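Coordinate-derived values only; no laboratory data. Remember, predicted model here, so these are calculated numbers, not experimental data. Because the Cβ atoms are built from the backbone with ideal geometry, glycine has one as well, and the counts that use them run over all protein chains shown.
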Amino acid sequence: MALNAKRGVFLVLSGILILGLALAFERYPEMISELKAIIWGTAPTPQLSAFSLPRAVNSYSRYAEEAGWEPSKMRNTYAKIGSRRRIGSQLGYPKKLERFRETIAINSRVTNAIVALAHEEYGDEARTTQGDGTDLGRVREALKHFVRDWSEEGREEREKTFRPILDVLKESRPTDRQGASVLIPGAGLGRLAWEISQLGYNTTAVEISPYMNLAHRFLLSPKTTTMPNQHTIHPYSHWFSHQRTTDSLMRSITFPDVVPRLSDNLHLREGDFLSLPTPKLPVLTQSTHSTSSEFPSSAEDIDAEEHGYDYIVTLFFIDTSLNILSTLQKIHSLLRSGGTWINLGPLLWTGGAASVMELSLDEMMEAIRMSGFAVHQSSDGVRGRKTVECEYTADKNAMMKWVYQAEFWVATKTR
Ligand SMILES: C[S@@+](CC[C@H](N)C(=O)[O-])C[C@H]1O[C@@H](n2cnc3c(N)ncnc32)[C@H](O)[C@@H]1O
């Protein structure tokens, strides 16, 4: 009898535990593989889990499955609507949830193609295991970056943030641009880098996130992208809030508006810009060639690696730094003597005490000066400091706006 009672308690407790886990899994589907990895003792280190290539590949490959939980959960919740169900169906709400599911299937054509290309281009490095985990949020963000960087829909946003930067770079005569090098740390999906290369500069984009690099490669490869507006996604269907119409929520975006390719003057380096080799000779003289194992050099990069870059361009980048002084020091050391740093962006620090310092703009400008730069005054024409009101990967039809008062400055390396 006592044995049966104990067994009953055990079964009830197990049931509660399983139910709890099931609810947690339903709420956070991306937790499943991580929990499994913990249970099986194959959990990756936190650093690996955030930015490993297998995790990014895994995230893209499981997009359809994991994003598909959302319409299922919404359908379950809708089932509890009660006696006013008729209004729900007259509004077409069940159909709306079905449309949502269809948009995920369409998006997954792109995410699956990204995965296939990753396996082809990275081989064993891209092989995934059950312990790699997933990050659905980063995949959704990458889809929104396709819009911002490579669609007609993103033109207005790009225009506001790219224009001040490109105006400075257009000051040089086209013939002078060909011998000049530009480095773009944290290049994201690479549109700004591409625009700069189109001006004639020898341009190097550096990006650490495999989520970004996999998506960027999908555009750069003739195996996956051959013509303008070849691909279709529904980037906003995951955000039901602040939508004026259901058609707007579900709308499709085609991309790319232009087809980018790497070339003699456009290079992509996948890795940490803080690990780029420091130029041996800040002043142009004869030297030997320097390389790093993380970033094997191409012939075009050798000059910049030896003598420093003529320009460094940071767009929505510096505040991602966990140590802003190291970032400033690195920008300084990578520039030629007299070289130019162009910045545009907010100061949205990572938060949670993750960054060693979270500076205000006045402190930032002082730190820049102390790091060996002279910043142009606001009266200095296209190089003048200014505040640029802009958005970043926004849904322009939405009822809510997150507007940055981003700061633009041009600084010269003085010592
Ligand atoms: C806010 S996003 C901006 C991306 C791009 N500049 C744009 O405007 O779309 C910042 C980017 O910097 C990248 N990043 C952060 N730290 C980096 C580092 N140390 N080296 C290379 N990339 C980095 C991130 O992965 C992310 O893609």
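Shown here for the stretch 211-270: trypsin sites (Lys or Arg not before Pro) in loop regions (DSSP other than H, G, I, E, B) with at most 13 other Cβ atoms within 10 Å, namely Lys223, Arg244, Arg261. With a simple spin-label model that places each label point 7 Å from the Cα along the Cα-to-Cβ direction, the separation between Gln178 and Arg84 comes to 6.9 nm. Computed from Cα atoms alone, the Kirkwood hydrodynamic radius reported for the stretch 153-413 is 19.6 Å.
Go through the stretch 310-401 and name the trypsin sites (Lys or Arg not before Pro) that are in a DSSP coil and have 10 or fewer other Cβ atoms within 10 Å of their Cβ. The qualifying sites are Lys401.
Rounded to the nearest 0.05, what FRET efficiency do Thr129 and Lys280 give with R0 = 51 Å and r taken as the Cβ-Cβ distance? Could you check? With a Förster radius of 51 Å, E is 0.80. If I stretch the segment between Val258 and Lys160 completely, what's the gain in nm (0.36 nm per residue apart, minus their alpha carbon distance), one decimal? That works out to 33.4 nm of additional length. For Lys401, which aspartates and glutamates qualify as cross-link partners when the Cα separation must be under 18 Å and same-chain residues fewer than eight apart are set aside? Candidates past the 8-residue exclusion: Glu141, Glu153, Glu156, Glu157, Glu159, Glu389, Glu391. Among the listed pairs Lys73/Lys396; Lys96/Lys144; Lys160/Lys386, those with a Cα-Cα distance over 18 Å are Lys73/Lys396; Lys96/Lys144. Sites listed here are chymotrypsin sites (Phe, Trp or Tyr not before Pro) in the stretch 343-415 whose DSSP assignment is loop and whose Cβ has at most 15 other Cβ atoms within 10 Å: Trp402. Since only Met364, Leu266, Tyr309 are under comparison, the one whose Cα sits farthest along the positive direction of the charge dipole of the stretch 153-413, derived from C-beta charges on Lys, Arg, Asp and Glu, is Leu266. Compared with the direct C-alpha span, the chain from Arg75 to Lys95 gains 6.2 nm at full extension, assuming 0.36 nm per residue.
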